[in-house]
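These notes are about the structure you will find just below.
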Amino acid sequence: MRSEDFKGILLAMLIILSLLAPLIFLGNNSSKIVHASPGGGADNKIQIKVKVFVLQCRENVTDNDINSKLAEANENLKNSGIRLVRGPIYRGFPGNARSRENRDRVRENVRENMRRENFKGIALIIGHENSIDNDPNTNGISVKGDPSSVIVAKMNGNTWAHEIAHVLCLQHVDNENNLMHPFKSQRKKSGLSPGQIENMKKKAENLNLAIKENNGYMLPCTSAIDNIGDVENKEPIYFHLQAGITGDPAPDPGGIDIRVVNTPFLSPETIDVEIISMSLMGRVDNLHLYYGLGLNTDDNLDTGGYFGDLPGVDRIVHISLDYLFPFEPPEGSSEVWVYNVENDNLTYVGPAEIRTFVEVTGLQDPGPGVHDNVRDGVRASIPLDLLGPMADNVPAIAVAMDLDNWVMDTLTFICKTTVPPAPWMSISSRTGKPGDNVQIAGGGFPAESFFDVFVTLALGGTEVEVAHTAIDENGNFATTFEVPNLPPDNYFLTAIDNEFNSVFLMFEVEPRPWTGSAVFKLENLYKVGLEKDLKLYAGSKLVVKFYDYVDNSENEVVIKNITPPENIKDNENVPHPPGGSPPVSTAVKKAELVLTTDNTEEVIASFTVHQSHLRDRTKAILKAWGGHPDLWDAFRAEVKDILKQWGSAPP
């Protein structure tokens with residue numbers, strides 16, 4: 001639509017609105033207060049929590065299995081701007097996916113579970129292998145845009161990432177290098193195009209799936225609620241929805257009844273305008289709708305003009321809709337413009353986002369049946385530079401009009417633009433292994449409250465208090481906590497005071513490289529015995545390293561190449577390789593058992609040969625002497641070497 005065409009429609013809007021109050025342009029636009037917007041910014045990586053439902057037929061799936069495959073999924077999504085964070089695990093969830101009816105029933109139960117627990121994120125339902133519709137070729141299945149729909153029958157991170165991408169509204173593509181190629185067996189890579197990445201991020205935000213840290217970043221947000229049934233000029237219009245949804249009229253289905261107006265600030269650069277109405281789009285004919293938001297940006301009645309019955313309006317957000325209910329509107333059917341009243345300047349912003357959803361109410365009409373509350377909304381993100389400087393409290397009016405039936409509704413409210421004080425917290429590291437010490441500091445809590453702050457790590461049903469300290473007279477605190485022995489995962493690190501003021505960050509508990517025990521003993525002067533009972537979660541090799549008494553490296557022996565996670569329980573003897581230091585080059589002096597990768601190493605056990613060990617070994621030789629004449633030469637040589645090493649060994 002050309003700007004001139006829209007101005008003609010706009011003029012018609014303003015004439016209609018003038019029936020409520022005259023449209024008068026007054027004075028000059030001399031805003032005095034500069035808009036104070038929140039500072040800081042969130043990480044560009046959108047984190048989405050995943051709640052895992054293990055069906056009762058798949059109880060053999062372990063936490064480590066789930067963590068491992070979720071890590072694979074994140075690897076497939078590493079360039080997408082999306083990161084999956086494991087949430088609670090529900091084991092033994094009833095049902096199966098062996099038929100469409102069964103999986104629909106499972107999804108409905110999952111949906112109810114998420115609704116009851118107010119879980120914001122994506123559900124991942126793990127069924128039995130080859131169980132989806134009893135088809136061994138179906139690894140996973142999901143419904144576009146439905147966070148409760150992902151069902152997988154394979155423990156495969158690529159499949160998980162593919163199905164979750166469907167939830168974020170990606171379609172199949174005919175590209176073997178793309179994650180969204182329909183056949184996993186033919187996928188060579190898991191790439192995503194810039195357009196796919198942008199769509200995934202937008203859908204995650206639209207579905208309210210993203211985990212948002214509240215660290216010192218409380219955005220101003222106004223939510224105004226209107227009375228039901230205050231529409232003008234027209235009797236309520238009754239309607240019935242189409243197949244599959246109960247279609248009895250809502251409590252007030254009439255016309256263009258505004259229900260809620262939301263104006264949150266999404267960033268220091270944008271404000272989100274959302275107007276939710278009741279029952280507007282319930283007809284099956286093409287609709288011609290108008291929504292407007294008038295803002296007295298400088299809170300000054302001597303500038304701007306009237307919009308509806310609100311004086312002093314400096315900027316007007318205009319949204320026009322022309323499309324067929326109830327689903328996707330044709331392209332170009334919605335337009336958003338911003339009108340500068342003083343300069344008579346109209347700027348095109350882009351299309352609006354249109355939402356229609358049904359809320360079951362259980363209200364009865366005079367006849368049989370259950371009513372649904374149908375709500376329709378439009379939303380647009382407006383750059384703040386188009387609105388100009390804004391006062392702390394901006395008088396505003398929302399207008400909604402049905403242009404076919406000349407029905408309208410208005411709602412006046414105050415849009416708050418000031419940033420409320422918010423607690424904040426800094427941290428020395430966002431990751432840590434059990435036993436690590438992490439420093440945290442915070443502020444923004446009520447000053448001189450003499451409250452304490454409690455710091456917890458929480459995920460699902462697990463919550464561990466890791467610190468408890470006092471808040472000083474300025475509302476600040478500082479403390480150190482030790483990472484508790486929790487399973488590897490991403491946790492909510494929350495600081496909260498006695499009055500429930502709080503701030504949280506995401507903190508990753510990293511896996512300990514190993515658990516268990518390893519014990520050295522001196523088998524003879526030239527080799528050590530090693531008893532191991534270990535579970536290894538990281539690393540690639542187990543190495544015994546030998547040192548002299550001043551910690552110079554002598555040599556090392558790779559005793560095992562590993563593929564984590566791996567259990568090792570055995571005993572073995574490890575000889576000192578040739579090439580050591582004097583006085584006896586092949587004698588054991590110090591030894592370490594080390595778990596290594598190419599770049600890291602973790603010492604599991606260490607051992608130093610003391611004079612007491614040499615004494616014990618000499619006694620063992622004397623005890624064995626009589627029964628092993630074949631070893632006398634070896635025993636004599638070893639005793640000589642023990643005497644050589646005695647002076648270097650610690651007591």
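The values are calculated or read from the model by the stated rules, or taken from the named source; none is laboratory data. Being a predicted model, the structure only gives us computed values, none of them experimental. Neighbour counts run over all protein chains shown; Cβ positions are idealised from the backbone, glycine included.
Considering Gly539, Gly627, Gly580, Gly647, the condition of being touching a Lys or Arg at 6+ places or on another chain (Cβ under 8 Å) and among the small types (Gly, Ala, Ser) is satisfied by Gly580 alone. Take the conditions assigned by TED's automatic domain parsing to the domain that holds Asp497 and at pLDDT 80 or above and apply them to Gly461. Does it pass? Answer is no for this residue.
For segment 140-161, the criterion of a residue being at positive phi and modelled with pLDDT under 90 is satisfied by at least one position.
Flag: Arg115 does not match the condition of being in a helix (DSSP H, G or I) and closer than 17 Å to Trp160 by Cβ.
Of the residues examined, Ile621 is not one that is touching a strand residue (DSSP E or B) at 6+ places or on another chain (Cβ under 7 Å) and among the aliphatic types (A, V, I, L, M). Look at (1) closer than 30 Å to Ala204 by Cβ; (2) of a type in the set (A, V, I, L, M); (3) at pLDDT below 50 and you find that Ile46 fails only one, number (3). Of all residue pairs spaced 6 or more apart or on separate chains, those with beta-carbon atoms under 8 Å, a first member in segment 66-83 that is of a type in the set (Gly, Ala, Ser) and a second member that is in a loop (DSSP other than H, G, I, E, B) and surrounded by 23 or more Cβ atoms within 10 Å (Cβ to Cβ) are Ser80/Leu192. Residues in segment 477-495 that are closer than 24 Å to Ile48 by Cβ and in a strand (DSSP E or B): Asp489, Asn490, Tyr491, Phe492, Leu493, Thr494, Ala495. Tell me yes or no: at least one residue of segment 387-396 is in a helix (DSSP H, G or I), modelled with pLDDT of 85 or more and either touching a Cys at 6+ places or on another chain (Cβ under 7 Å) or more than 30 Å from Leu486 (Cα to Cα) (or both). No - not one qualifying residue is present in segment 387-396. Within segment 632-647, identify whether any single residue is closer than 28 Å to Glu510 by Cα and either at pLDDT 95 or above or surrounded by fewer than 15 Cβ atoms within 10 Å (Cβ to Cβ) (or both), and answer yes or no. The answer is no, given that none of the residues of segment 632-647 is closer than 28 Å to Glu510 by Cα and either at pLDDT 95 or above or surrounded by fewer than 15 Cβ atoms within 10 Å (Cβ to Cβ) (or both). In this structure, Glu72 does satisfy being assigned to a helix (DSSP H, G or I), closer than 19 Å to Glu129 by Cβ and charged (D, E, K, R). Scanning segment 586-602 for residues that are of a type in the set (S, T, N, Q) and either modelled with pLDDT of 95 or more or crowded, with 16+ Cβ neighbours inside 10 Å (or both) yields Thr586, Thr596. Residues of segment 540-553 that are without any contact (Cβ under 8 Å) to a residue 12 or more places away in the chain and either within 46 Å of the chain's Cα centre (by Cα) or part of a strand (DSSP E or B) (or both): Ser553 alone. Among the strands (runs of 3 or more DSSP E) confined to segment 290-385, the ones with at least 3 residues that are under 16 Å from Met401 (Cα atoms), modelled with pLDDT under 85 and outside the structural domain of Glu112 (by TED's automatic domain parsing) are located at 315-324, 370-383.
Taking first residues from segment 584-604 that are farther than 23 Å from Tyr549 by Cβ and partners that are of a type in the set (Asp, Glu), the Cβ contacts under 6 Å between residues at least 6 apart in sequence or on separate chains come to Leu595/Glu602. Every listed requirement among (1) buried (at least 18 other Cβ atoms within 10 Å of the Cβ); (2) outside any helix (DSSP H, G or I); (3) in contact (Cβ under 8 Å) with a residue 12 or more places away in the chain is met by Cys169 save one, (1).
Is at least one residue of segment 490-497 over 22 Å from Phe477 (Cα atoms) and either of a type in the set (S, T, N, Q) or in contact (Cβ under 8 Å) with a residue 60 or more places away in the chain (or both)? Looking through segment 490-497, at least one residue is over 22 Å from Phe477 (Cα atoms) and either of a type in the set (S, T, N, Q) or in contact (Cβ under 8 Å) with a residue 60 or more places away in the chain (or both).
Within the set Ile122, Ile89, the sole residue that is in contact (Cβ under 8 Å) with a residue 60 or more places away in the chain and touching a Pro at 6+ places or on another chain (Cβ under 6 Å) turns out to be Ile122. Filtering segment 153-166 to residues that are part of a loop (DSSP other than H, G, I, E, B) and either of a type outside the set (S, T, N, Q) or outside the structural domain of Glu108 (by TED's automatic domain parsing) (or both) leaves Ala153, Lys154, Met155.
Of the residues making up segment 523-537, not a single one is out of contact with any helix residue (DSSP H, G or I) (no Cβ under 9 Å at 6 or more places or on another chain), polar (S, T, N, Q) and farther than 30 Å from Ser68 by Cα. Within segment 554-580, no residue that is without any contact (Cβ under 8 Å) to a residue 12 or more places away in the chain and closer than 16 Å to Val594 by Cα sits with its Cβ atom under 7 Å from a residue that is part of a strand (DSSP E or B) and among the basic types (Lys, Arg) at 6+ positions apart or across chains.
Residue-level check: of (1) modelled with pLDDT of 90 or more; (2) under 18 Å from Val519 (Cβ atoms); (3) buried (at least 16 other Cβ atoms within 10 Å of the Cβ); (4) of a type outside the set (Gly, Ala, Ser), Leu614 misses just (2).
Evaluating Gly81 against the criteria (1) among the small types (Gly, Ala, Ser); (2) on the phi > 0 side of the Ramachandran plot; (3) modelled with pLDDT of 85 or more leaves one unmet condition, (3).
Taking the stated definitions as given, is Ser428 surrounded by fewer than 13 Cβ atoms within 10 Å (Cβ to Cβ) and not assigned by TED's automatic domain parsing to the domain that holds Asn67?
yes
Would you be able to say whether some residue in segment 135-152 is in a helix (DSSP H, G or I) and either under 21 Å from Ser68 (Cα atoms) or not assigned by TED's automatic domain parsing to the domain that holds Phe492 (or both)? No, segment 135-152 has no match at all.
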